[in-house]
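Asker: Take this structure first; my questions come after.
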Amino acid sequence: MMDLSFLRGQMAGDEKLVARFVSIFKTQVPAQVSQLPGLCENEDWEELSSAFHSLKTQFNYMLMTEFAEQMREMEESVDNGETAFIATRIAEFTTKFNHFWQNEFPEN
Amino acid sequence: MTSLLLIDDEVQYSELTKEYLEMKGCNVVLKHDGQAGLDAFKLHPFDLCVLDIKMPKKDGFTLAEEIKEINEMTPIIFLTGQSLKEDKIKGLMLGADDYLTKPFSMEELYLRIKAILKRVKVQEKAIVIDQYQWGNSKFDLELRELTVAGEKIKLTSIESKLLKLFCEHQNKVLTREVAMMGIWGDEEHYRGYSLNVYVSKLRKFFKPDPSVEILNLHGEGYKLVSKQRVTS
């Protein structure tokens, strides 16, 4: 179950905004995650960094701190030009994320 | 109504921020990259800008510098996903009035906007202004003298009062009622025609300076719009 307590606070308790945020999250996040390996393969570091950046914020809103921290670390690595192991890290993250997502939203 | 320019590349989520601020009574223009934001800023005056830092085409820091070059008075709040200290310092050094780290609270953003605008208002009131300056124009209230593109124009008492009112309402609506009360102390119907004449005269004076424009707002009044305001 997703913990929406933090999100509710950030949305000033407006349930409509919370519901819309969750809906965007559920559509946008898996799509962004699925793009990570391709961006890495194409060495599109700028886009890859932006994707990590965006995912980091979204995970933070949902209190998914472990994922958020991984995004932060990978974003920092890419920004610093440390890309040697990024493909492996993306693969590890993607596996973990997909497993989590399937458990959380089996209907998708 | 407070007019805000919000620039954030998170296309869908920023719509939520826009809606929240609009629910609070703000008028929000939303753009998703730095260049589009700058273009919007050049076209319309805004009371405050909220800028994301990491954006395509033009990052928030560069954009802030360019906004300040156009109008150094415009308050800026940065939204940053980065918690690096040096980022914050760099932003504040550029004249940003505040920053919020993502994920931020909508309410906190709104309260900070309100606080900054209140502070700006107090500061503006505290300054005794007797000179106004735009791109190629300068107005000396005490001398009742308007200089446009190097040419000095001596204003009549009424022209001077009207221009002062425009300066005080710069980039905001100056209603016909407020203008008439400010000039003549009443808002009798027949004053309306005279007001039109004086507005036309001021427009004519400003003609050589394209950075200053007096707009007609149908049913409301007028608005003096300047892209480069400097008051002293």
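Taken together, the values in this text are just the output of simple stated rules run on the coordinates, not laboratory data. Quick caveat, the model's predicted, so the values are computed rather than measured. Positions of Cβ are generated from backbone atoms using ideal geometry, with glycine treated the same way; all protein chains shown enter the neighbour counts.
Asker: In degrees from 0 to 90, rounded to the nearest 10, what is the angle of the helix A:65-79 Cα long axis to the longest principal axis of chain A?
Answerer: Rounded to the nearest ten degrees, it is 30.
Asker: Turning to a different aspect of this structure: What's the local net charge at B:Thr156, with K and R +1, D and E -1, over the other residues with C-beta under 12 Å away?
Answerer: +2
Asker: Could you state the angle between the C-alpha long axis of helix B:60-70 and the longest principal axis of the C-alpha atoms of chain B, as a value from 0 to 90 degrees rounded to the nearest 10?
Answerer: Around 10 degrees separate the two axes.
Asker: What FRET efficiency do you get for B:Arg203 and A:Ala19 if R0 is 35 Å and r is their Cβ-Cβ distance, rounded to the nearest 0.05?
Answerer: Once rounded, the FRET efficiency stands at 0.10.
Asker: Report, to the nearest 10°, how far helix B:11-23 tilts away from the longest principal axis of the Cα atoms in chain B, using its own Cα long axis and a range of 0 to 90°.
Answerer: Between the helix axis and the principal axis of chain B, the angle is about 50 degrees.
Asker: Taking the Cα centre of the stretch B:131-231 as origin and charging only Cβ (+1 Lys, Arg; -1 Asp, Glu), how large is the dipole, in debye to the nearest 20?
Answerer: 320
Asker: Would you mind pulling out the separation of the Cα centroids of the stretch B:199-214 and the stretch A:19-88, in Å?
Answerer: Each part's Cα centre sits 51 Å from the other's.
Asker: Along the Cα→Cβ direction, 7 angstrom out, place labels at A:Thr88 and A:Glu69. What is the inter-label distance in nm?
Answerer: 2.0
Asker: Still on this model: Is the stretch A:5-104 best put as rounded, prolate or oblate by its Cα gyration tensor, with a ≥ b ≥ c the root eigenvalues, rounded for a/c under 1.5, and otherwise prolate when a/b is larger than b/c, oblate when not?
Answerer: The shape class here is prolate.
Asker: Once the Cβ-Cβ distance between A:Met1 and B:Asp39 is put in as r, and R0 is 45 Å, what FRET efficiency do you end up with, to the nearest 0.05?
Answerer: For A:Met1 and B:Asp39, the calculated efficiency is 0.55.
Asker: Using a cut-off of 14 Å between alpha-carbon atoms, which aspartates and glutamates can reach B:Lys154, once sequence neighbours fewer than 8 places away in the same chain are excluded?
Answerer: B:Asp140, B:Glu142, B:Glu145
Asker: As a check on your grasp of the helix formula, calculate [θ] at 222 nm for chain B: sum -39500 (n - 2.57) over DSSP H runs of n ≥ 4, divide by the residue count, round to the nearest 500.
Answerer: -13500 deg cm²/dmol
Asker: Continuing with this model, one more query. Cα to Cα, under 19 Å, and not fewer than 8 places away if on the same chain: which aspartates and glutamates meet these conditions relative to B:Lys138?
Answerer: Here the aspartates and glutamates satisfying the reach criterion relative to B:Lys138 are B:Glu69, B:Glu72, B:Glu124, B:Asp130, B:Glu151, B:Glu159, B:Glu168, B:Asp209, B:Glu213.
Asker: Bin width 10 Å, origin at 0, all Cα-Cα pairs of chain B: what percent of pairs per bin?
Answerer: 7, 30, 31, 20, 10, 2, 0
Asker: Further question: Please compute the length gained on full extension between B:Met73 and B:His218, using 0.36 nm multiplied by the number of residues separating them and subtracting their Cα-Cα distance.
Answerer: 49.4 nm
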